Structures are given as C-alpha cells and as structure tokens.
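None of the figures in this text is laboratory data; all of them are computed from the coordinates on show. Source: prediction; values computed, not measured. Backbone-built Cβ (ideal geometry, glycine too); neighbour counts: all protein chains shown.
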Amino acid sequence: MTPIIIDDSKEHYQERLDAAVFAQLFITEAGRPDRTVIVQGTVTIGRDAENDIVLASQAVSRHHAMLLRDDVGLLLVDLESTNGTLVNGVLAPPGEPVRLNDGDVLGFGQVVARYVASSTPAPRGVGDHCAELAHAQDARRLRGLNR
C-alpha cells in the first residue's frame with residue numbers, strides 16, 4: 001500500500017509516522033462491559049450522546065471532561081462537572097489542564113478509567129474515534145473477505 005505523502009519528501013512522512021503517539025483509556029463502568037478507547041486529538045467525555053466517549057452513569061455530568069493532545073502527551077480538563085474528576089484519587093481543578101502520566105487512574109463519577117500512553121502509531125483510520133469503531137470496521141472487512 002502506498003503511503004500518503006504529507007509533503008514532497010518520503011522522509012518527512014516517515015518522521016511524522018515515527019512520532020505518532022496515541023493514548024488508550026481502559027474504561028470500567030457498572031453495568032457495561034469493560035472497553036478500551038483510543039484517544040487522539042481532542043476528546044470529550046460525558047453522559048450526553050454528543051460526547052466522543054459517552055458514559056451512562058448518572059454521577060457523570062452531561063459534559064464532564066475533555067482530553068487534549070499536545071506534543072508531550074495528554075491533558076485532562078474537568079469541564080466544571082457536578083461531581084468533579086479524579087486523577088489518582090485527587091480532585092482535578094475545574095477548568096485547569098492536568099498533565100496525565102502513563103498508568104494514571106481517572107474517576108468520572110462512578111466510572112473508572114486507566115490511562116495508558118503508547119508510542120505505537122494508532123491503527124489506520126482511527127483518527128479521533130473510539131477503538132470500538134476500528135474494531136467494528138475490521139470485523140466488517142473480515143466478513144467481506146469470508147464471502
């Protein structure tokens with residue numbers, strides 16, 4: 001498969017690919033199966049269906065928190081949620097970015113998520129979408145191959 005060249009140099013493309021970093025959240029939520037979500041770019045978290053990561057718990061605000069990517073890693077911002085957001089058991093100051101470190105445990109109401117940083121490029125086409133979307137696409141692709 002031919003890579004898409006961002007500029008005219010193949011080297012520039014490879015440098016960007018080598019520098020690609022994505023993060024994962026391993027989410028545990030009562031009454032739902034555990035799930036893994038790939039995080040790239042800006043991701044919103046909350047109870048409202050408009051969020052990128054939707055959490056069903058009533059203790060989660062409609063627009064609870066936001067994750068922001070930068071050159072160093074991932075930042076979490078509590079969006080002045082009713083019950084707050086915990087990082088390793090410590091309340092995140094509302095509206096202030098908190099730098100996340102590999103292995104941090106996040107609390108959104110009764111929902112627990114573990115942050116895992118990775119230096120492996122994200123799967124092709126995942127973008128800002130959840131890992132479940134990528135898995136569903138792979139499953140559809142495999143079903144097409146089996147016909």
* To do: Mind checking the full-extension length gain between Asp70 and Thr36? Use 0.36 nm per residue of separation minus the Cα-Cα distance, one decimal, nm.
  => 10.2 nm
* Ratio to report: Rg/Rh of segment 30-111, with Cα atoms as the point set and Rh obtained by the Kirkwood method; give two decimals. => 0.93
* To do: Compute the length gained on full extension between Thr82 and Ser118: take 0.36 nm times their separation in residues and subtract their Cα-Cα distance, giving the result in nm to one decimal.
  => 9.9 nm
* To do: Calculate the spin-label point distance for Asp102 paired with Ser57, positioning each point 7 Å from the Cα along the beta-carbon direction, and give it in nanometres.
  => 2.6
* To do: Give the distance, in whole Å, between the Cα centre of segment 57-76 and the Cα centre of segment 80-107.
  => 8
